[in-house]
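Colleague: Pasting a structure here, questions to come.
The values are calculated or read from the model by the stated rules, or taken from the named source; none is laboratory data. Given the structure is predicted, the values throughout are model-derived calculations rather than measurements. Glycine also receives a Cβ, built like all others from the backbone with ideal geometry; neighbour counts cover every protein chain displayed. Heads up: the accessible areas ignore ligands, DNA and RNA and are worked out on the full protein's heavy atoms, side chains in. Shrake-Rupley method; radii C 1.70, N 1.55, O 1.52, S 1.80 Å.
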Amino acid sequence: MRASVQLTGAAIASATLLIATAVHPQGQPSKLPTREQLANDDKLFLSTLGKTLKWEEPAEPVRIAGPMYFVGTQGLGAFLFTTSEGHVLMNTGMPSSGPMMVESIRKLGFKPEDIKVMINGHAHFDHAGAFAYFKDHFGVQLAVMEGDVAAMESGDRNDFRYADDFAYPPVKVDRILRDGDTIRMGDVLLTAYDTPGHTPGSTTWIANIVAEGKAYVVAFPDGAGFNPGYRLVKNPSYPGITDDYRRTHHRLEMLKPDIWLTHHNEYYGLEDKRQRAKTEGVKAWIDPEGYRRFIAVKKRQFEDEIDAQSAVPTNAQK
């Protein structure tokens, strides 16, 4: 195991906070791994964060607005767009998630056989792990931003930071996306924006949907999160990573969605909004202020990390 393996998944900050504040049933603080320990041990990371955030536990599917549904796990966001011409699936979670998602889709009254296209946020195993399952079982076509195609087709082997530590079943990409490309299925329009940083092909999706006779803009921001071990200043993790992040932050700041969702459920408050939606309907999901706060925090965290990595070490640190 390498000594400085980065953590996977955009939820690392939230996960670490959850772990740090966890307590035993008796109310005494738990003895839990430190952030550094998690960064240095892949198996420890997966067993601790994956369990804490319930990445591989089934979740009840729910309609969000109009043709858009949540079909992910307790911790990971996956979304289904349904139309009379076929469906679009965004993300698949961990490699184990395929059967759980199929069950959720059928529970909503839809057929996974009707999924025509799969799209993703980025090519890490906690979001792209089951694409091969859906392609193998249902023949679904996969559309991926150019910068993440190689990762998807190799199962994220030779990753710029993980090497082969978090590999998953590789999957053939059927359509290579470029910035601004669109996918239209029935009344749903999805636009792909190239927002690299977290991975070279991280993709922010904008969905234009209609619910209850009203049009909504839905954002799925991606690319702004960095993990422990990302090198941004000296010997960067990949050439141009810092510039990529800053362009991505700027682009995400320019978006003004009505609804925003992410690939980690704790960020956008899935459970709270799900409960509110029982009485409020679509209104519960509308959260433009939450989106602005989320992007502002991501940008601030990045600039703080730049400052920290740029600092001259003291004699005690040398």
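Colleague: Just the accessible area per residue of region 150-237, please: how many Å² with a 1.4 Å probe?
Modeller: Computed with neighbouring chains in place, this is 40 Å² per residue.
Colleague: Students often forget the sequence filter, so: which lysines lie under 24 Å Cα-Cα from Lys172 once same-chain residues fewer than 8 apart are removed?
Modeller: Lys111, Lys116, Lys135
Colleague: Right, next: Just flag the trypsin sites (Lys or Arg not before Pro) in region 160-194 sitting in loop per DSSP whose Cβ has no more than 11 other Cβ atoms within 10 Å.
Modeller: Those that pass, being in a loop and sparsely packed, are Arg178.
Colleague: Given a 1.4 angstrom probe, I'd like the percentage of the accessible area of region 108-176 that is carbon and sulfur, rounded to a whole number.
Modeller: Roughly 48 percent of what the probe reaches on region 108-176 is carbon or sulfur.
Colleague: Using alpha carbons only, how many degrees (0 to 90, rounded to 10) separate the axis of helix 12-21 from the longest principal axis of the chain?
Modeller: 70
Colleague: Anything over 24 Å Cα to Cα? Flag those among Lys256/Lys298; Lys43/Lys299; Lys107/Lys273; Lys234/Lys298, in the order listed.
Modeller: Table pairs above 24 Å Cα-Cα are Lys43/Lys299.
Colleague: Over region 194-246, one equal point on each Cα, no solvent: what is log10 I(q)/I(0) by the Debye formula at q = 0.18 Å⁻¹?
Modeller: Values, matching the q order: -0.61.
Colleague: Taking the Cα atoms only, what angle lies between the long axis of helix 42-52 and the longest principal axis of the chain, rounded to 10 degrees?
Modeller: Around 50 degrees separate the two axes.
Colleague: Quick one: what Rg and Dmax do you get for region 54-96 from the alpha carbons, in Å?
Modeller: Cα only, region 54-96: 10.7, 33 Å (Rg, Dmax).
Colleague: Checking the a/c ratio against 1.5 first, then a/b against b/c, what shape does the Cα gyration tensor give for region 54-147?
Modeller: rounded
Colleague: Rounded, prolate or oblate: which fits region 185-318, taking a ≥ b ≥ c as square roots of the Cα gyration tensor eigenvalues, rounded meaning a/c under 1.5, else prolate when a/b beats b/c?
Modeller: prolate
Colleague: Taking each pair of distinct Cα atoms in the chain once, what is the resulting Kirkwood hydrodynamic radius in Å?
Modeller: 20.0
Colleague: Relative to the longest principal axis of the C-alpha atoms of the chain, give the angle of the C-alpha long axis of helix 270-280, reported between 0 and 90° and rounded to the nearest 10°.
Modeller: Approximately 30 degrees, to the nearest 10.
Colleague: Kindly write out, for region 297-304 in residue order, the coupling ³J(HN,Hα) from the Karplus curve 6.51 cos²θ - 1.76 cosθ + 1.60 (θ = phi - 60°), rounded to whole Hz, with x marking Gly and Pro.
Modeller: 5, 4, 5, 5, 4, 5, 5, 5
Colleague: While we're here: Could you size up the charge dipole of the chain around its Cα centre, putting +1 on the beta carbon of Lys and Arg and -1 on that of Asp and Glu, and report it in debye to the nearest 20?
Modeller: Computed about the Cα centre, the dipole is about 460 debye.
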